[in-house]
Amino acid sequence: MGVTSGYIIKNIGEIYNRYNIMPQLGLHMLRVAAVGSMICDNWMGPEIHKDDIVAVLLIHDLGNIVKFTNLDPYWEGIRKETIDKYGSDDHEATNKIAQEIGVEGRIYRLLEMQGNLWGYRDNVLHSKDYDLKICCYGDSRVAPYGIVSAMERMDNLIERKKGLPVEKIFVALKDVISELEKQVFSHTSIKPEYITDANAESTIKSLGSEWLKGKTTEDNKAKGKSH
Ligand SMILES: [Fe+2]
């Protein structure tokens with residue numbers, strides 16, 4: 001037994017506060033979780049577990065502050081504390097925080113694979129587990145400024161990695177995401193284009209209501225950069 005998806009969803013505001021989650025990072029996770037939630041709400045395929053998907057996506061970047069640059073002194077202090085406690089690798093930091101929270105094994109496994117889609121790409125594409133596929137797809141729909149198409153997001157990332165050795169990986173990852181999108185949306189009553197900021201707004205608000213309440217627009221403006 002461990003912390004369940006229901007607990008995570010209900011207490012996400014408290015979890016974000018406990019781990020000093022930056023406003024833009026919390027908003028990112030809420031947006032990605034809303035993408036997953038909307039897919040689940042329009043699902044017509046094999047059995048999926050909406051609470052697990054939403055919970056995983058709500059916590060999928062809890063340790064991401066470690067890779068930010070150009071933060072103001074307050075958040076830079078939080079970043080250093082986070083690195084001291086959980087290390088400087090963002091995925092490892094997220095996994096360690098999830099372990100500390102005590103999330104259930106199933107949630108931890110989904111989180112771990114979601115955080116390393118490149119490493120698990122063949123398993124994910126060939127898996128019959130649609131919880132896993134939806135978890136892996138969600139992140140590809142959210143840019144720093146909001147929900148976008150998966151291809152816009154991937155082109156954006158490729159552009160940012162231009163000339164670096166890792167550029168090739170992002171180009172290949174674009175094909176993985178494109179295939180994943182086809183697989184997921186072959187079982188939904190909606191098309192990928194239905195998922196927009198405007199259509200996701202109410203879901204984002206209901207997932208993050210408590211935590212979003214204390215946040216002003218000023219807080220939500222991008223501070224620092226993740227890449
Ligand atoms: Fe993310």
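The set of residues in the range 84-106 being touching a strand residue (DSSP E or B) at 6+ places or on another chain (Cβ under 8 Å) and either part of a helix (DSSP H, G or I) or over 28 Å from Ile177 (Cα atoms) (or both) consists of Ile101, Gly102. The set of residues from the range 107-122 being outside any helix (DSSP H, G or I) and buried (at least 19 other Cβ atoms within 10 Å of the Cβ) comprises just one member, Gly115. Name the single residue, out of those in the range 33-74 being farther than 21 Å from Asp89 by Cα and small (Gly, Ala, Ser), that is nearest to the chain's Cα centre (by Cα). Per the criteria, the residue is Ala33. Per this entry, Lys133 is not counted among residues that are outside any helix (DSSP H, G or I), of a type outside the set (Ser, Thr, Tyr) and more than 16 Å from His91 (Cα to Cα). The set of residues in the range 40-55 being in contact with a Lys or Arg (Cβ under 9 Å, 6 or more places away or on another chain) and assigned to a helix (DSSP H, G or I) consists of Cys40, Asp41, Asp52. Do the conditions hold for Pro192, that is, is it out of contact with any Gly (no Cβ under 6 Å at 6 or more places or on another chain) and either surrounded by 14 or more Cβ atoms within 10 Å (Cβ to Cβ) or at pLDDT 95 or above (or both)? For Pro192, the condition - out of contact with any Gly (no Cβ under 6 Å at 6 or more places or on another chain) and either surrounded by 14 or more Cβ atoms within 10 Å (Cβ to Cβ) or at pLDDT 95 or above (or both) - is met. Residues in the range 70-83: is at least one in contact with a Gly (Cβ under 7 Å, 6 or more places away or on another chain) and not in a loop (DSSP other than H, G, I, E, B)? Yes, because at least one residue in the range 70-83 is in contact with a Gly (Cβ under 7 Å, 6 or more places away or on another chain) and not in a loop (DSSP other than H, G, I, E, B). Any residue at all in the range 178-185 that's at pLDDT 95 or above, of a type in the set (Val, Ile, Thr) and in contact with a Phe, Trp or Tyr (Cβ under 7 Å, 6 or more places away or on another chain)? There is at least one residue in the range 178-185 that is at pLDDT 95 or above, of a type in the set (Val, Ile, Thr) and in contact with a Phe, Trp or Tyr (Cβ under 7 Å, 6 or more places away or on another chain). Among the residues of the range 13-21, at least one is in contact with a helix residue (DSSP H, G or I) (Cβ under 6 Å, 6 or more places away or on another chain), more than 16 Å from the ligand (Cβ to nearest atom) and closer than 16 Å to Lys215 by Cβ. Each residue in the range 123-146 was checked for being crowded, with 21+ Cβ neighbours inside 10 Å and either more than 18 Å from Leu58 (Cα to Cα) or within 12 Å of the ligand (Cβ to nearest atom) (or both), and 9 of them qualify.
Out of the residues in the range 52-77 that are buried (at least 18 other Cβ atoms within 10 Å of the Cβ) and more than 16 Å from the ligand (Cβ to nearest atom), state the one that is farthest from Glu201 (Cα to Cα). Here the answer is Trp75.
The values are calculated or read from the model by the stated rules, or taken from the named source; none is laboratory data. Computed from a predicted structure; not experimentally measured. Because the Cβ atoms are built from the backbone with ideal geometry, glycine has one as well, and the counts that use them run over all protein chains shown.
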